[in-house]
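A.B. asks: The structure under discussion is supplied below as structure tokens; questions concerning it will follow.
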Amino acid sequence: MGRSVLLFCLLMAVMYLTDGQSTSADGRCVYTFNVPENDCAQTPGPSVDDQLLKSSVIALQTQFKLMVKEMRVMGEHIDKLTSDNEKLVNVSNELQERNDKQDSELRNLKKERPTSEAGSGSSNQHSSTGGAVYTRWGRKTCPGNGTALLYWGVVAGSSHAHTGGGSNYLCLHRDPEWGPKTTSGFQSYGHLYGAEYEMSSNDPFSKANAQSLHDNDVPCAVCLVSGRPTKLMIPARLTCPDGWTKEYSGYLMAEAYSHPGRTTYVCVDNAPEVIDGGGSNQNGVLFYNTEAACGSLPCPKYGDGWEVTCVVCSK
């Protein structure tokens, strides 16, 4: 850069000292240097110094043109570097935006991911991310597959001998809460009775949790499935569809076909439990196995009198 400035200053000085080219009468005078015109006539011809000066001027002009060309090339290179830098800045900003978006999505996933912490008994604590609630009939606990026990209690409903009242089974809490006013004695309103297993023979259930079920009171557990908001009970199956989680399986139960009181079908766990001290025969709400009727149902897949299975699934 210093060399270019020096050449430029020298060229300006030469141009300032030189008036330009002039020709004498005999054609011998080429350059004049701030001298009167009559002095030119007295000059016998171009001297050696004149020729050297002319050569220097031409050389300076050539170098100046080269310097201008180099500066132009340098300017183009600077423009290209500036453009490349702008592109890099844009790419960096885009990557930063993507990174921020991914960080935000990761934080949201961490908030939505169910977390569990082992508690006393079989209950777990879960983050409130939504899910399905179902009743596990015949059990006091929930499956250990990401479920939380809300409460366990006793099954109740209308009497098998009555035609009125509700037709569904209820899972009553073990520790009931009452309103500010209660009236003793029945007033011929709806009656609620405890449920009993009725299977003096042909008991298909596992004896892992109870050796005898007949006339014993039926427990129930209300379970919350975090992260799986859809539940489904499939009769006559023991497995769930692909992509679904099996909660439990067992046998389909309801009132006996000959009783005037009808109930909904429920899926009772394959290894049912009983309520301690609840073995007296009260005959309130009754749980009977449900048997298939071959002929009205497709035979031979539905065998006549076979106990119908069931499975509860979630997704």
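Just so you know, all these numbers are worked out from the coordinates, no wet-lab data involved. On a predicted model such as this, the values are computed, not experimentally measured, just so you know. Cβ sites come from the backbone with ideal geometry, for glycine too, and all protein chains shown count toward neighbours.
A.B. asks: Stretched out fully, how many nm does the piece from ASN145 to ARG174 gain, at 0.36 nm a residue minus the Cα gap? Spell out each step's value before the answer.
C.D. replies: Values: separation 29, 0.36 × 29 = 10.44 nm, distance 2.43 nm.
Here the answer is 8.0 nm.
A.B. asks: Output wanted: per-residue J couplings in Hz (rounded whole) for the range 176-192, from phi through Karplus 6.51 cos²θ - 1.76 cosθ + 1.60, θ = phi - 60°, x for Gly and Pro.
C.D. replies: x, 10, 10, x, x, 9, 10, 10, 6, x, 7, 10, 6, 9, x, 10, 10
A.B. asks: Turning to a different aspect of this structure: Exactly which chymotrypsin sites (Phe, Trp or Tyr not before Pro) in the range 192-257 are in a DSSP loop and have at most 12 other Cβ atoms within 10 Å? Can you show the working numbers first?
C.D. replies: On the way: sites: TYR193, TYR197, PHE205, TRP244, TYR248, TYR251, TYR257; in loops: PHE205, TRP244, TYR257.
For chymotrypsin sites (Phe, Trp or Tyr not before Pro) across the range 192-257 that sit outside H, G, I, E and B with at most 12 neighbouring Cβ atoms in 10 Å, the list reads TYR257.
A.B. asks: Got a sec to turn the phi values of the range 141-154 into Karplus ³J(HN,Hα) couplings, 6.51 cos²θ - 1.76 cosθ + 1.60 with θ = phi - 60°, whole Hz, x for Gly and Pro?
C.D. replies: Along the range 141-154, the couplings run 10, 9, x, x, 10, x, 9, 10, 7, 7, 5, 10, x, 10 Hz.
A.B. asks: Taking H as built 1.01 Å from N, whose amide H comes closer than 5 Å to the amide H of GLY166, not counting residues under 5 places away?
C.D. replies: SER158
A.B. asks: Calculate one ³J(HN,Hα) per residue across the range 303-314 by plugging θ = phi - 60° into the Karplus curve 6.51 cos²θ - 1.76 cosθ + 1.60, and present them in order as whole Hz with x for glycine and proline.
C.D. replies: So the Karplus estimates, Gly and Pro as x, are x, 5, x, 6, 6, 7, 8, 6, 9, 10, 10, 9 Hz.
A.B. asks: Can you pull out the trypsin sites (Lys or Arg not before Pro) in the range 133-196 that DSSP calls coil and that have at most 12 other Cβ atoms within 10 Å?
C.D. replies: Working: sites: ARG136, ARG139, LYS140, ARG174, LYS181; in loops: ARG139, LYS140, ARG174, LYS181.
Answer in residue order: ARG174, LYS181.
A.B. asks: If I model a spin label at LYS54 and LEU88 as a point 7 Å from the Cα along the Cα→Cβ vector, what separation in nanometres do I get?
C.D. replies: With each label placed 7 Å out from Cα toward Cβ, I get 5.3 nm.
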